[in-house]
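*Asks:* Okay, handing you the structure first.
Nothing in this text is a laboratory measurement; each read-out follows from the coordinates by a stated rule. Because the structure is predicted, anything quoted here is derived from the model rather than measured. Every residue, glycine as well, gets a Cβ built from its backbone with ideal geometry; the counts of neighbours run over all protein chains shown.
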Amino acid sequence: MDRTNGKRIRAYRKLKGYTQQEFAKEIGVSVSVLGEVERGNRLPSEPVVERMATVLNISKQDFIS
């Protein structure tokens, strides 16, 4: 995962109307971890990627290249 994927995650989050705080709570991570993922500075674990996709109602491939 790189910055592009993090930006994609952020775009989908915003498109679905979630704030960072709300989305972080839904996927079970801290806001700081989510921010690092969105900036491309941190890779989310596979379970977190699965929760992101589920909460956003998209496939993992939609935001992971």
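*Asks:* List pairs: first residue in region 46-62 and touching a residue at least 60 places away in the same chain (Cβ under 8 Å) and within 13 Å of N5 (Cβ to Cβ), second residue not small (G, A, S) and not in a helix (DSSP H, G or I) anywhere in the structure, Cβ distance under 7 angstrom, at least six positions apart or on different chains.
*Replies:* none
*Asks:* Related question: Tally up the residues in region 3-47 that are of a type in the set (D, E, K, R), outside any helix (DSSP H, G or I) and closer than 16 Å to K60 by Cβ, please.
*Replies:* Count: 1.
*Asks:* Within region 44-57, how many residues turn out to be farther than 11 Å from R13 by Cα and surrounded by 12 or more Cβ atoms within 10 Å (Cβ to Cβ)?
*Replies:* Qualifying residue count, region 44-57: 6.
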